[in-house]
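For reference, the structure discussed in these notes is given below.
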Amino acid sequence: MNNYITLSDIEDLQELIEEALQLKKKNTSAEAGKGKTLGMLFFNPSLRTRLSTEKAAKLLGMEVMVMNADKDGWALEFEDGAVMDSNKAEHIKEAAAVLSQYCDIIAVRAFPDLKDKEKDEAEIVLKSFQKYASVPVINLESATGHPLQALTDAITISELKTDKKPKVVLTWAPHPKALPQSVPNSLAEVMQKLDVDFVITNPEGYDLNPEITKNVQVMHDQEEALKDADFVYVKNWSSYEQYGKVLSTDISWTLTGDKLQNTGNAKVMHCLPVRRNMVIADEVLDSENSVVIHQAGNRTFAAQAVLKRLLEKK
Ligand code: CP
């Protein structure tokens, strides 16, 4: 692995899941990262990604440097040939080259603006780091994807499934703010690589990018979709069709205890943070069916497996 920008950087998903589960079992420090430094740049807030990746790096023996790039760093210019007469004081060409001297791996979080689909899909921040850094780059959630979260989700389902081919339902849920499609995009991508029966349910107007969902069944009737589900993955996202818009906050899509009755006693997943009683009801999050804390715990082992591959260049 040379970078971890998208799920397509994983050569053998099954092997990587196994490796993460082995790392979880061992619970010991490794030597792979001794004398190496991970630099993490956050252009947006984070709890899990920041701390689980830092923990993973330290378990591998790495040093870690973290910067809130949106607040503490110079505002970066990403345009080639720009006359830098605005508030942007540093060009990505210098920033990425300098960071590459301090760090052996650079990890970046940069959300979309959700205003201009074409611009967001160009992934300018992440791709510029990849272009101008001379060390591997990790995506800590970008405009269109969250591959560390998706690897975690694949690990969690592989670990907790009781059926050989479980039914996994991704359901949209209401939220007051416009959220990116990055988590559902990456989940849809990774589920198509696993031996699961994968269904997406969302209101009209919320279909994800068809280039990502491809032949996945998309249902607009949530009750029908949830029938006999083994895993229900709850997530809000803003409209892709009317890009970045909140078209509905209909709380009849909130995942409640009643809705779980219709499933095969499904395990409930969410990447977190989650808005209680808006996205998922208290009675679900506080029940035995919720695996969200277990899932968040697996973030460390997903990050550890990826970092180890990058360090070993395997
Ligand atoms: N799931 C996730 O990425 O959490 P954070 O935004 O807290 O990192």
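Annotations for the structure displayed:
- Shown is the FRET efficiency for N87 and S134, computed with R0 = 25 Å from the Cβ-Cβ distance and rounded to the nearest 0.05: 0.35.
- Debye intensity ratio I(q)/I(0), log10, region 217-305, q values 0.15 Å⁻¹ (C-alpha model): -0.63
- Once the C-beta distance of D282 and N262 is scaled by a Förster radius of 30 Å, the resulting FRET efficiency is 0.95 to the nearest 0.05.
- With N the number of residues in region 94-247, Rg(Cα) / (2.2 N^0.38 Å) evaluates to 1.14.
- If the segment from H294 to N44 were pulled out straight at 0.36 nm per residue, it would be longer than the present Cα-Cα gap by 87.6 nm.
- Between helix 48-59 and the chain: long-axis angle, C-alpha atoms, 0 to 90°, nearest 10: 60 degrees
- Between the Cα long axis of helix 92-102 and the first principal axis of the chain there is an angle of about 80°, rounded to the nearest 10.
- Globularity index of region 166-314 is 1.05 (Cα radius of gyration / 2.2 N^0.38 Å, N = number of residues).
- Listed residue (A32, N87, N3) projecting farthest to the positive dipole end of region 1-124, Cβ model: A32
- Förster radius 35 Å - calculated FRET efficiency between K313 and A75, Cβ distance, rounded to 0.05: 0.55
- Put a plus charge on the Cβ of each Lys and Arg, a minus charge on the Cβ of each Asp and Glu, and nothing anywhere else: the dipole of the chain about its Cα centre is then about 960 debye.
- 10 Å-binned pair-distance histogram of region 1-90 (Cα, whole percent): 13, 31, 34, 15, 6, 0
- Ranked packing of 159-167, 290-298, 122-130, most packed first, by mean Cβ within 10 Å: 122-130, 290-298, 159-167
- Under 5 Å between amide hydrogens, built in the peptide plane, is the criterion, and for D197 it picks out K167, V168 among residues at least 5 positions away or on other chains.
- Shape index of the chain: Rg/Rh, with Rg the Cα radius of gyration and Rh the Kirkwood radius from the inverse mean 1/r over Cα pairs, equals 0.97.
- Directionally averaged projected area (region 28-147, Cα convex hull): 7.9 nm².
- Nearest-ten-degree value, helix 299-312 long axis tilted from longest Cα axis of the chain: 40 degrees
- A Cα-only calculation for region 97-142 places Rg and Dmax at 11.5, 35 Å.
- Order by protection proxy (mean Cβ within 10 Å, highest first), peptides 6-16, 58-68: 58-68, 6-16
- Span from the region 1-52 Cα centroid across to the region 171-239 one, whole angstrom: 25 Å
Bear in mind these aren't lab numbers, they're just calculated from the coordinates by the rules spelled out. Not measured: the values here are computed from a predicted model. Every residue, glycine among them, receives a Cβ derived from its backbone with ideal geometry; neighbour counts consider all protein chains shown.
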